[in-house]
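Enquirer: Following this message is one structure expressed as structure tokens.
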Amino acid sequence: MSLKAYNAAVFHLLGDPADMGADVSRGYYEDGLLIVEDGVVKKLGARAELEPGLPADVQIASFANALIIPGFVDSHIHFPQMDVIASPGDQLMDWLNEYTFPAEAAFEDPAHGQASARFFLDELLRNGTTSALVFGSVHKASVDALFGEALARNMRIIAGKVLMDRNAPAHLCDTPETGYGDSKALIQKWHGKGRLRYAVTPRFAFTCSEKQLRLAGDLLNEFDDILLHTHLSENEREISLVKELFPQFRDYLDVYDGCGLLANRSVFAHGVHLSADEMKRLSQAKAGVAFCPTSNLFLGSGLFDFARVKKHGIKIGLGTDIGGGTSFSLFQTMNEAYKVCQLQGDYLDAFTSFYLATLGGAELLGLADKIGNFEPGKEADFIVLDLEASPLLARRLKSCRTIEERLFVLSILGDDRAVRRAYLAGDLAYARA
Ligand code: GUN
Ligand code: ZN
């Protein structure tokens, strides 16, 4: 049995501030103690209350000028797109052809996948992201490489091999049958091993035949705890092309629904241009969307209507959408999310931002019983933030009076520099040099 204790200011969310009210949803201890036993949260509270109850031989790791929060959850990211970040000029459909497909083709080489998996997971951890829902490439080996590396780190990663059988270069296409077979083999090999889970991952309706989407739906139904992960309604041109390709369906979401892919474990990236009817059906199905503001702005896709999607009761998480997105940092993702809301006359408060980046993401990915906050029994994935990470951050935080103000400043000024340490299931996985 291993008992460890960590002391700093500690913040987490007990639920959605919109449902519980901001004051009830937040848990904050100015001088807190997080007690971890065998990789699992045992207790969180004020140090003065909890320290006397600790066995004498337990060492307390104390961090000055620091804030401990749950590890971030990235609800939508592409593993094979690190070399695509910051590729200029095009919107989605041309960007895919010009930059993205060539970069993904390189993952045919398993050695490239292996080396990239190490860099990718290092980069997630450097940014304080301890869990993610990840697109692989079409190659089965890309997902083998990612899962292998994540398993070695005991990291909670959900991923899947991309399914795409048309409207892409031939060397990047599978077939409905090989896509189904490869995905199933990956599920049998990795799903439930360590902290790994599988997501059936059709790229989007534009690159998948109806037959492929239907087989993906069959696969989803064969395993009750895997996810569906795809793109939906990101860009106007994409939407009109999907309508042309699938005239038998009434809208974009209906294509997925008609093929058995709309469920309470479906995660749709983007949803920038959803109709009222699509929102209603997402809500009825208890499906969720990943809000990817840095990508939506960079690719000129549009402004995600957070307030409206939220009002429909649809689950929402935050995604970096690397490489359409421009930062691995959930802080920078919160920063852009705030501005996307501002441009539509809405206010995204700091508690809600941090909820989306932690517990909200966990709920979206079906992991809220395991991660997302410091409730006793949850896996101890947490990060130690450095409140003096830069001179400007230190200066600006000094004038904050409340935790809400401090969190807001972090959400705007924070980035990888603010992450001092990251822990996975109670073990140190990253320490800033
Ligand atoms: N739609 C289909 N594929 C992609 C992708 O790789 N990135 C983004 N942002 N949207 C997509
Ligand atoms: Zn994406």
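Computed from the coordinates by the stated procedures, all read-outs in this text should not be read as laboratory data. No experiment lies behind these values; they were computed from the predicted model shown. Please note: Cβ atoms are built from the backbone with ideal geometry, for glycine as well, and neighbour counts cover all protein chains shown.
Enquirer: Rounded to the nearest 0.05, what FRET efficiency is calculated for residue 243 and residue 221 with R0 set to 25 Å and r the Cβ-Cβ distance?
Expert: Efficiency for this residue pair is about 0.40.
Enquirer: Give, to the nearest whole percent, the P(r) tail of segment 298-343 beyond 13 angstrom, counting all Cα pairs.
Expert: So the pairs more than 13 Å apart make up 60 percent of the total in segment 298-343.
Enquirer: Taking every pair of alpha-carbon atoms in segment 72-328, give the share separated by more than 29 Å as a whole percent.
Expert: Result: 21 percent of Cα pairs exceed 29 Å.
Enquirer: If you don't mind, another one. Magnitude of the Cβ-charge dipole of the chain, K/R +1 and D/E -1, about the Cα centre, nearest 20 debye?
Expert: 640
Enquirer: Place a point 7 Å from the Cα of residue 108 along the Cα-to-Cβ direction; which residues of segment 66-83 have their backbone N under 19 Å from it?
Expert: So the set is 80-83.
Enquirer: For a quick size check, give me the Cα extents of the chain along its three principal axes, largest first, whole Å.
Expert: Taking max minus min along each principal axis of the Cα atoms, the chain gives 66, 47, 38 Å.
Enquirer: Percent of alpha carbon pairs in segment 317-433 separated by more than 26 Å?
Expert: Taking all Cα-Cα pairs of segment 317-433, the fraction more than 26 Å apart is 20 percent.
Enquirer: As I understand it, the dipole of the chain uses +1 on the Cβ of Lys and Arg and -1 on the Cβ of Asp and Glu, about the Cα centre. Which of 316, 46, 36 lies farthest toward its positive end?
Expert: It is 46.
Enquirer: With just the Cα atoms defining each centre, how far is segment 49-82 from segment 320-356? Give it in Å.
Expert: 22
Enquirer: Compute the helix-to-body angle for 176-190: its Cα long axis versus the longest principal axis of the chain, expressed 0 to 90° and rounded to tens.
Expert: Around 20 degrees separate the two axes.
Enquirer: A further question follows. Which percent, to the nearest 5, of DSSP beta bridges fully inside the chain are antiparallel?
Expert: Once the DSSP bridges in the chain are tallied, antiparallel ones form about 50 percent.
Enquirer: Expected output is a single nm value to one decimal: the length gained when fully extending between residue 151 and residue 49, i.e. 0.36 nm times separation in residues minus the C-alpha distance. What is it?
Expert: Fully extending the segment from residue 151 to residue 49 adds 33.1 nm.
Enquirer: While we're here: What is the spin-label model distance, in nm, from residue 115 to residue 40 if the labels are put 7 Å beyond Cα along the C-beta direction?
Expert: 4.1
Enquirer: Where the only charges are on Cβ atoms (+1 Lys, Arg; -1 Asp, Glu), what is the dipole of segment 72-328 about its Cα centre, to the nearest 20 debye?
Expert: Value, rounded to 20: 980 debye.
Enquirer: Another question about this same structure. Let me spell out the model: positive unit charges on the Cβ of Lys and Arg, negative unit charges on the Cβ of Asp and Glu, origin at the Cα centre of segment 1-158. What dipole size does that give, in debye rounded to 20?
Expert: So the dipole magnitude of segment 1-158 works out to roughly 520 debye.
Enquirer: Give me the number: length gained by fully extending residue 433 to residue 65, i.e. 0.36 nm times residue separation minus the C-alpha to C-alpha distance, one decimal in nm.
Expert: Fully extending the segment from residue 433 to residue 65 adds 130.8 nm.
Enquirer: Let me ask something else about it. Using Cα pairs under 8 angstrom and six or more residues apart, how large is the relative contact order of the chain, in percent?
Expert: About 19 percent, as a whole number.
Enquirer: Right, next: What Kirkwood Rh does segment 246-342 have if only Cα atoms enter the pairwise 1/r average? Answer in Å.
Expert: Evaluated over segment 246-342, this radius sits at 13.7 Å.
Enquirer: Separate question: As I understand it, the value is the acute angle between the Cα axis of helix 330-342 and the longest principal axis of the Cα atoms of the chain; what does it come to in degrees, rounded to 10?
Expert: Compared with the principal axis, the helix lies near 70 degrees.
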